[in-house]
Amino acid sequence: QVQLVESGGGLVQAGGSLRLSCAASGSIFRANVMGWYRQAPGKQRELVAAITSGGSTNYADSVKGRFTISRDNAKNTVYLQMNSLKAEDTAVYYCRVVIGPDDYWGQGTQVTVSS
């Protein structure tokens, strides 16, 4: 069983930056995919960025060039560096880890971007 705890969210002005962290209670070395998702009020949860065990990354078009996902297996942590934030990035951000057939989600962290 793996537990995920996100941190780093908060209130930031448009154009600013935040770095989200997702710390896993167990080893993420075997994780097939780790990702960040977000859900804005009244909208469906959507993929923001994902990184595979091999280091391949995938980004939503809306964040390409502004967000960077990375993982540190030694620290059992996945990060999301968010730059040039926009008001439309406001949402609850969730971490997800897939290990084999198991799928784990964090509790979410709020990101609010003021324009």
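The values are calculated or read from the model by the stated rules, or taken from the named source; none is laboratory data. Predicted model, so just to flag it, every value in this text is computed and none were measured. So basically every Cβ, Gly included, is an ideal-geometry build from the backbone, and we count neighbours across all protein chains shown. Just the protein is used for accessible areas: all its heavy atoms, side chains included, with ligands, DNA and RNA removed. Shrake-Rupley method; radii C 1.70, N 1.55, O 1.52, S 1.80 Å.
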Dividing the alpha-carbon radius of gyration of segment 29-88 by 2.2 N^0.38 Å, where N counts its residues, gives 1.17
Excluding residues fewer than 8 positions from Lys43 in its own chain, the aspartates and glutamates with Cα under 20 Å of it are Asp61, Glu88, Asp89
Quick one: which residues, 5+ away or cross-chain, put their amide H under 5 Å from the amide H of Arg45? H built at 1.01 Å from N. none
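Probe of 1.4 angstrom, ligands and nucleic acids ignored: what's the accessible area per residue over the chain, in square angstrom? Mind dumping the intermediate values first?
Values: 5970 Å² over 115 residues.
Dividing the accessible area of the chain by its residue count gives 52 Å².
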Sulfur and carbon atoms: percent of accessible area, segment 23-102 [1.4 Å]: 47
Karplus 3J(HN,Hα) series, Hz, for segment 104-115 with 6.51 cos²θ - 1.76 cosθ + 1.60 (x for Gly, Pro): 10, 10, x, 8, x, 9, 7, 10, 10, 10, 8, 9
If you place +1 on the Cβ of every Lys and Arg and -1 on the Cβ of every Asp and Glu, how big does the dipole about the Cα centre of the chain come out, in debye to the nearest 20? 140
Against the globular-protein guess of 2.2 N^0.38 Å, express the Cα radius of gyration of the chain as a ratio, rounded to two decimals. 1.00
